[in-house]
Structure formats: C-alpha cells, structure tokens
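So the structure is just underneath, and the comments pick up after that.
Rule-based calculations on the coordinates, nothing more; no lab input. As the structure is a computational prediction, the values presented were derived from the model and not from experiment. No Cβ is skipped: glycine too gets one built from the backbone with ideal geometry, and neighbour counts run over all protein chains shown.
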Amino acid sequence: MPETPSLLALISLRFTHARRVHFLLLAIVFALPMHATAQTSSEPSLPRAADGKPDFSGFWQVITSANWDIQDHSAQKGIPAGRGIVAGNEIPYQPWAAAKKKENYENRNTADPEIKSYLPGVPRITYTPFPFQIVQTPQQVLVLYEYVHASRHLYTNGSDHPPGHIDWWLGDSRAHWDGDTLVSDVIDFNDQTWFDRAGNFHSDALHVVERYKFLDADHISYEATVEDPKVFTRPWQLSVVLYRHKEKTFQLLDYEGYAFDYEQYYP
Amino acid sequence: MRIRFNALMVASLTTVIFSLTPMSSFAQQAPASSPSTGQSPSAPTTNKWTPSRPPDGQPDLQGFWGAVPSGTFDVTDPRTGGGRLDELLRIRAGNVRVPKASRVVDPDPDGKIPYQSWAATKQKDLEAHIDDPTKPEHIDTQARCFLDGATRGFFHSGFEIVQVPGYVVFLFDGNSETRVVPLDGGPHVGKGLQLWMGDSRGHWEGNTLVIDITNLNAKARLDMVGNFYSSSAHVVERLTRVDAKTIRYEASFDDPTVYTRPWKMAGRFVSGHVNDPGYEIWEDACHEGERSADRMIIPANVAKENAERAKTIQK
C-alpha cells in the first residue's frame, strides 16, 4: 500500500490554477461529512488561528534517523538503525542516477553538503535532528529552523512563484490550504543538496509538494511528494511525523556549524 | 610581486565581499535626511501618533524597515563598508573626510565607546588591520558570515517585523538572519548557554518594545573596525514607533569587563519598500557562497611595508 502515492497528492500535482477551483469545490464536498464527524467525537479540538485555519504555531521536531538515510538502514558507528521514510522504501532513480547515488554513498563523509554546514534543502531541512518553530499569520507560515539559522516563508497570500529559474538552497515555497491541510509547492532549487547522508540526490529540476496536516493537537503528518524528471523515473513520496515540544521553557537556540572552526579567533 | 599585493588590493577584496552582502536600498528610498546635521535620534518626541493594535494588543510594528543611515563600517562614524575602496583613494588624493554623527549618543557629545584601556588597545589593533589583515581574527565577523550578534543586524540590512501572539519576530535580508523575541516575561536561559544572537526577552512599556539581551557569545563584533563587547554584556534595546513611517531605536550596553561605564547608541528605522508592496525577503545564503575571507590575510612584513608606503604617498 505505501508504494501508491496518495491520490490527493497526485491530483494536486497535476492541477493547474484554472482547475484548482473545481478541486476546492470537491474538497469542500468531501470535507463536510468529516467535519461533522469531528464535531460529534469527544476528541479535543485542533488549535485554530483567528482566521479558522489550523494553527501550527509552536516548536516541532522529528524523531527519526532519516537525516542519515531516508531508506531502511542498518546501524553504523554513531548512527542509529532506522526504518526508512520513503513510501515503499524504493527511490525510482534513472540508471545513470542510481550509479551516481552509489558514488555519493562511497564519498558521503566528505561529499555530503551538510558536512560543510550548507543549507540542507527541502525536504531534508524538516528531518534534520534539530527543532524548528512555526510562526503563522494569514499571509504566511514562517518556519524558523535552529539548524544554521535557516528560515522558510510558506506564503499563503495567493502569490505565485517568481519568474525563474532561481537557484536557491531552500527553494521558493507557495502554499495554500486544502481543507485543513497546508499544501506547499516548492521549486527553484539548486542541485547542491542531498536528501540524506547516504547520497540520495536531485537536480535543479526538483519539485517538492509538502503537505502538513494535524494528526492531533501535538502531532503533524508531514508528507512530501518529490518530482525530478532529470533524476527519477516517476514522482515518489516520503513522510515523517512532527512532534510538538511540550517543555515549558522550550525555545530555539542556535547551531552555526560553519563557525565552530573559527571560534578560537573570536574569543 | 608580493609587495604588489598591497592594502588597496585587500581593500578591494574586502569591498567585494561586503558589497555582496545585501546592503539594502533603504538609503536611497528613505526620505532625504542628513544624519550629520540632523537632530539626535534619541531626542524626546512630542509626537502624539498612536500605533494601531492587532487583536493581541501589541502596538503594531509590522512591516519592512531599514536604518537611516545604514551600514556597519563604524558605529562611531556610520557608513557601509561598500564604499571603502573609493574612500581610501580619496584619502590618498588628499581629501579630508568629515566624520558622520556617531551612533553613540551617551556619552555625549563625545560619541565614543568608553573602553577600558586594554579594550581600547584591542579595538585600535583591529581597526589598524582592517585593510591589511595579518591574522584570522583581523577578518571582520560579517565577512565570515557569522550572525550579527547584538544590534548589528539592524544596520546591516533591511528587515521585516512580524508580530504574533506572544512573540515579536525580526527577519533580516542580510544573511537571512532571524530573531525571535518572546514576550512571556520568562527568565533568561542559564549562564552556561551562549548564543550568537543572545537570549532576548521582550515586554511592552506603553508603545515601546523593550528587549533585554543576555547570554551573548560575543563572537560577533559591532562593526568592521572592531568595536566589541564581551559575553558578560547586558544589552537593552528600546523600539518606539513614533509615527507611521518611523521607529526610534535605542540600545544600552552594560559590560563592566570591557567598558568604564554603560553607554548607549541610538538610531532611526524608516518604512521600507513602500512603493513595492510585493517585496519579499529572499534567501541570502552567505556561508554557502563565502570563498575568500582567509585569502585576505597577508604576511605581517608585507602589511608593514604597505603601511610605510602609504605614509609616503599621503605626504
């Protein structure tokens, strides 16, 4: 079952702006009975912003070893074993790209851009082992990451991607609400980031569609559909759970990885 | 040939690096003003303008802003580092430079940071090597893509203020820096935890946002000429919206290990991108593009020869 990407994600990938209206109508029709069910249940209601949208404000972090390898992997020194986060566990590389991935794996401890503390790309920024804070307004869902002071603006103000192509480490994110799911369309990537330490990679044609949806008030389902016709034979999906930090004194700190080697000169 | 690699070449390299950082276009956009002759930004205002209040009751500071004047070359003579090469050439041509009004408003009218003698010596040494760096520590922290620490970010680039219940968030164009200021009245983090941007706690006093900063790792400097504080610094910033287009800014520095007395800087932020409603802060990946900071370092004997040659030229 996990090998089949979710129907909704595939539909949204193919939808043009003109057709989105129809899609929204469909979504409303389907959402109505679900909403009624939620109201009759005894579960506590989800956090909602003043505009009625789900309110993702707060501190979040994954619990997974996906930053080292997004596929099923054995333990290595200093790296926990882990179940993969890729639907079906297989990544549909084109033949040349499968060879390149293998080469990346052999050189991973020097070649992974994350070793140099570069911005880690999307979706990897989500499953780095560092917390992030979501600050939400009606115009944007702002995601502030502890890791190398990265930040992303997921614009929900109806704006389109700027004329491109633009080479960005974290891409350009334009989002909309699909019922209670935040759907973020991300393009304008460079070809410099990897999906993990194991050498899984992409080109600058990478297109990611992220879906953020509450499982309950303290857990968000994060799903990413990955499309890159230069590297893969078809779109594929990965998913992780975002856990809310409940510690009363929790706050974002910092991890400026590239600065550690110079700290001695700036006492 | 090595002697040919002189101060001007280093200065031009420095200029290239600093001009790569997105010094905002606020200086051009801002209403014409003459900071060297204008009134002190800390002068009390008689303006009765009242900011609107979003639903959670905070006075509204939201939008894009930029300091006037901008630039982090020297807090006591504010300007950007981008014009350094031209400035050196003008000085060598015999033009006397008139300093701009210092951001330091207390002590007044001195406009200088009240350093203890060891600290003054250190700052002078850093300033002396800005064009002829001979050691890694001579390279300005901004050229290394370090986070800006206390106050510097406001003068480095334009920025956006976002307010949500319980927080004021600052988003800077330069180096894509961010600051999250909680308004919950909680205590600072413990002594053993030092942070590049420090630990900020905010509260409102009327229409003034007061931000208390401690736990600075103090590895960032205040400007390119080496003005600095230590990790025992206690900084208090005050942002007051005095009219629709202006925020008055003040920051006091208390650091008994570096200064002889507390001192205060002041500034003015004006609305930015008013004619560009679609303006967005875009990714500024500084470290990812940084290639040459250490290549500015030259051998000490070359720096000495350069300094002597410069004296000859100036005569």
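What whole number of Å gives the distance from the Cα centroid of the range B:233-275 to the Cα centroid of the range A:68-140?
Centre-to-centre (Cα) distance: 42 Å.
Can you work out ³J(HN,Hα) from phi for every residue in the range B:60-68, in order, using Karplus 6.51 cos²θ - 1.76 cosθ + 1.60 and θ = phi - 60°, giving whole Hz and x for Gly and Pro?
7, 10, 5, x, 9, 9, x, 6, 10
Testing the spin-label approximation: label points 7 Å from Cα along Cα→Cβ at B:D108 and B:D60. State their distance in nm.
Result for the modelled spin labels: 3.1 nm.
Counting other beta carbons within 10 Å of each residue's own, what order do B:L222, B:L88 fall into, fewest first?
Numbers: B:L222 26, B:L88 17.
In order of increasing Cβ crowding within 10 Å: B:L88, B:L222.
So, R0 is 41 Å and r is the distance between the beta-carbons of A:A205 and B:D184; what FRET efficiency does that work out to, to 0.05?
For R0 = 41 Å, the calculated efficiency reads 0.40.
Whose amide H sits under 5 Å from the amide H of B:D284, counting only residues 5 or more places off or on another chain, with H placed in the peptide plane?
B:S176
Please work out how much length the chain gains when fully extended from A:V241 to A:D72, using 0.36 nm per residue of separation minus the C-alpha to C-alpha distance, in nm with one decimal.
59.2 nm
At a Förster radius of 35 Å, what calculated FRET efficiency corresponds to the Cβ-Cβ distance of B:R261 and B:A128, to the nearest 0.05? Can you show the working numbers first?
Values: r = 25 Å, r/R0 = 0.72.
Using R0 = 35 Å, I get an efficiency of 0.90.
Computed on alpha carbon atoms, what radius of gyration and Dmax characterise the range B:139-209, expressed in Å?
Considering the range B:139-209 through its Cα atoms, Rg and Dmax are 13.3, 41 Å.
Consider a paramagnetic label point 7 Å from the Cα of A:F260 along Cα→Cβ; state which residues of the range A:131-175 have an amide N under 17 Å from it.
Taking a point 7 Å out along Cα→Cβ of A:F260, the residues of the range A:131-175 whose backbone N falls under 17 Å are A:131, A:146-150.
Extending each Cα 7 Å along its Cβ direction at B:V210 and A:K100, get the distance between those two points in nm, one decimal.
The two pseudo-label positions are separated by 5.7 nm.
Please list 3J(HN,Hα) in residue order for the range B:302-309, calculated via the Karplus relation 6.51 cos²θ - 1.76 cosθ + 1.60 where θ = phi - 60°; whole Hz, with x for glycine and proline.
Going residue by residue, I get 5, 4, 5, 4, 4, 4, 5, 4 Hz, with x marking Gly and Pro.
Mean projection of the alpha-carbon convex hull of the range A:174-267 over all orientations, in nm²?
For the Cα atoms of the range A:174-267, the hull's average projected area reads 9.6 nm².
Which FRET efficiency, nearest 0.05, do B:D86 and A:T249 yield, Cβ-Cβ r, R0 56 Å?
0.65
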